[in-house]
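Student: Here's a structure for you.
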Amino acid sequence: QVQLVESGGGAVQPGGSLRLSCAASGSIVSIDPMAWYRQAPGKERDLVAHILTSGSTKYADFVKGRFTISRDNAKNTVTLQMNSLRPEDTAVYYCYAIIRIQNRPGTYQYWGQGTQVTVSS
């Protein structure tokens, strides 16, 4: 069984920083991409950033220059470093991955359980 486990959410003042981490475990052959999404109350879930095995990254315009996504392919982990946080960054952040599993054809989408990030003074 494959699962994604997130950590690192919390509350911070505007201008502060937080670091989110997500670890994938199970009978994993490969993961591509790994990504972070977020969902604020009453809003749709939006892509924040994604990263390929190659290291290629893509960011939503609303986090460019403030957030950095990285991954450790050997450990199947992805990290989101969030700097210069704003109140509008308040949301539940979800880890997402497309995973190829041992002894099963095709690829499968997985979501983490979500971690709350609150930016408020």
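Student: Pick out, from F67, I28, V78, the residue whose Cα sits farthest towards the positive end of the charge dipole of the chain, with +1 on the Cβ of Lys and Arg and -1 on the Cβ of Asp and Glu.
Tutor: Farthest towards the positive end: I28.
Student: May I ask you to derive the relative contact order of the stretch 37-121, considering only C-alpha pairs under 8 Å and at least 6 residues apart, and to give it as an integer percent?
Tutor: 24
Student: Run the dipole for the chain about the Cα centre, Lys and Arg Cβ at +1, Asp and Glu Cβ at -1, nothing else charged, and hand back the magnitude in debye, nearest 20.
Tutor: 140
Student: Hey, another quick one. In Å, what Rg and Dmax follow from the Cα atoms of the stretch 1-66?
Tutor: 13.8, 40
Student: As I understand it, the dipole of the chain uses +1 on the Cβ of Lys and Arg and -1 on the Cβ of Asp and Glu, about the Cα centre. Which of Q13, T118, L47 lies farthest toward its positive end?
Tutor: L47
Student: I'd like the carbon and sulfur percentage of the solvent accessible area for the chain, probe radius 1.4 Å, heavy atoms only, ligands and nucleic acids excluded.
Tutor: 45
Student: Antiparallel as a % of all DSSP beta bridges within the chain, to the nearest 5?
Tutor: Roughly 95 percent of the beta bridges in the chain run antiparallel, per DSSP.
Student: Send over a whole-number figure in Å² for the accessible area per residue of the stretch 1-50, probe 1.4 Å.
Tutor: Dividing the accessible area of the stretch 1-50 by its residue count gives 52 Å².
Student: How many nm separate the modelled label positions at E88 and R66, each set 7 Å beyond the Cα in the direction of the Cβ?
Tutor: 0.8
Student: Oh, and also: Taking the Cα centre of the stretch 1-46 as origin, work out the dipole magnitude from +1 charges on Lys and Arg Cβ and -1 charges on Asp and Glu Cβ, in debye rounded to 20.
Tutor: Charge dipole, the stretch 1-46, about its Cα centre: 140 debye, nearest 20.
Student: Name the trypsin sites (Lys or Arg not before Pro) in the stretch 1-63 that are in a loop by DSSP and that have at most 11 other C-beta atoms within 10 Å, would you? Provide the component values of the computation, followed by the final result.
Tutor: On the way: sites: R19, R38, K43, R45, K58; in loops: K43.
The qualifying sites are K43.
Student: Aspartates and glutamates near K43 by alpha-carbon distance under 14 Å, same-chain residues fewer than 8 away left out - which ones?
Tutor: E88, D89
The values are calculated or read from the model by the stated rules, or taken from the named source; none is laboratory data. Here the structure is a predicted model, which means the values were calculated and not measured. Methodologically, a virtual Cβ is constructed for each residue, glycine included, from the backbone with ideal geometry; neighbour enumeration extends over all protein chains shown. Just the protein is used for accessible areas: all its heavy atoms, side chains included, with ligands, DNA and RNA removed. Shrake-Rupley method; radii C 1.70, N 1.55, O 1.52, S 1.80 Å.
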